[in-house]
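Read the structure below first, then the notes.
The values are calculated or read from the model by the stated rules, or taken from the named source; none is laboratory data. Here the structure is a predicted model, which is why all the values come from computation and not from measurement. Please note: Cβ atoms are built from the backbone with ideal geometry, for glycine as well, and neighbour counts cover all protein chains shown.
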Amino acid sequence: MRILIVDDDPLVCKSLEVLLSREQDMEVMGTALNGAEAIAKCHDVVPDVVLMDIQMPVMDGIQAARQIKQNWPHVRIVMLTTFKDEQNIRLAILAGAEGYLLKSQEVSAMAQQLRGLTAGASVVASDVLKQLVEPKKEALELLTTREQEIAELVAEGLSNREIAQQLFISEGTVRNTLSIILDKLQLRDRTQLAIYYWRKGAKS
């Protein structure tokens, strides 16, 4: 996995570079101190994942995420921040970010979640999900029992393969059912589904 680290604190960049580089399946392709530098780096070396702060000078992470997704749609963007407020979460997801992690997390846990991202799992810290308000329940009630089971497992961060194994169904069935769920709830991807599900307070 080729990673670009973006943060306006050089110490954070260096620390993450050193720690993530210790992971055998991860290679840090470079670091950037703001969104504009991140875009320039992507032109030079297109990474698999951009791990990016939100609030930075020159160009913030939200603006950079939007431009990176426009130019390189396949690049996965994970926002790494100290902010857990709903506005930043919504802006990050709308900008195309596939994940939202907190800087307070252990790097080993962060690395594991990045692996999950490439396997198709949602990457949103549980503390982040708790910041979101509860939506209307009627929409989720449109789902069948099996669809609700799959939605819950997606919200728990499982990949399609893991869901298939747990429910004893094929990956193709999981993919098809997930498409139906997203269509019913008018959501774009599994990250939005995970956030939507937890906003409902499904565990309460």
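Can you confirm whether Val124 is closer than 30 Å to Leu16 by Cβ and either charged (D, E, K, R) or modelled with pLDDT of 85 or more (or both)?
no
Can you name every one of the helices (runs of 4 or more DSSP H) wholly within region 10-98 that holds 1 or more residues which are surrounded by fewer than 16 Cβ atoms within 10 Å (Cβ to Cβ) and of a type in the set (Gly, Ala, Ser)?
The qualifying helices (runs of 4 or more DSSP H) are 10-21, 35-44.
Just the residues that are within 18 Å of Tyr196 (Cβ to Cβ) and out of contact with any helix residue (DSSP H, G or I) (no Cβ under 7 Å at 6 or more places or on another chain), please, taken from region 159-182.
Answer for region 159-182, where residues must be within 18 Å of Tyr196 (Cβ to Cβ) and out of contact with any helix residue (DSSP H, G or I) (no Cβ under 7 Å at 6 or more places or on another chain): just Ser179.
Can you confirm whether Asn34 is without any contact (Cβ under 8 Å) to a residue 60 or more places away in the chain, out of contact with any strand residue (DSSP E or B) (no Cβ under 8 Å at 6 or more places or on another chain) and outside the structural domain of Arg190 (by TED's automatic domain parsing)?
Here the answer is no, as Asn34 does not meet what is asked.
Answer yes or no as to whether Gln63 is under 21 Å from Leu187 (Cα atoms) and more than 15 Å from the chain's Cα centre (by Cα).
no
With respect to Asp25, is the statement that it is touching a residue at least 40 places away in the same chain (Cβ under 8 Å), under 25 Å from Arg188 (Cα atoms) and in the same structural domain as Leu114 (by TED's automatic domain parsing) true?
The answer is no for Asp25.
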